[in-house]
Amino acid sequence: MTEVIDEQPEDSSYKEIMRELDFIQMIDSGLEDSRQGRVISKVGMKQRVRIWQK
């Protein structure tokens, strides 16, 4: 967390820093899901998107 904060520009707002931390957490969570095999195929995702669009 400290590393992400330290990499932000000096004039970053609290909101911008929190957004970046949330983004990093989402990436880490997705990578862990992938490592654990909690994934769906491209075809499966296309089917889900079609359902959402109705």
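The values are calculated or read from the model by the stated rules, or taken from the named source; none is laboratory data. These numbers were taken from a predicted model, which means no experiment stands behind them. Ideal geometry is used to build each Cβ from the backbone, glycine not excepted, and the neighbour counts take in all protein chains shown.
Given the structure, is VAL39 among the hydrophobic types (A, V, I, L, M, F, W, C) and either touching a Cys at 6+ places or on another chain (Cβ under 7 Å) or not in a helix (DSSP H, G or I) (or both)? Considered against the rule, which asks whether it is among the hydrophobic types (A, V, I, L, M, F, W, C) and either touching a Cys at 6+ places or on another chain (Cβ under 7 Å) or not in a helix (DSSP H, G or I) (or both), VAL39 comes out as yes. Only one of the numbered conditions (1) charged (D, E, K, R); (2) assigned to a helix (DSSP H, G or I); (3) at pLDDT below 95 is violated by GLU10, and that is (2).
Annotation note: of SER29, SER12, the sole residue that is more than 19 Å from the chain's Cα centre (by Cα) and polar (S, T, N, Q) is SER12.
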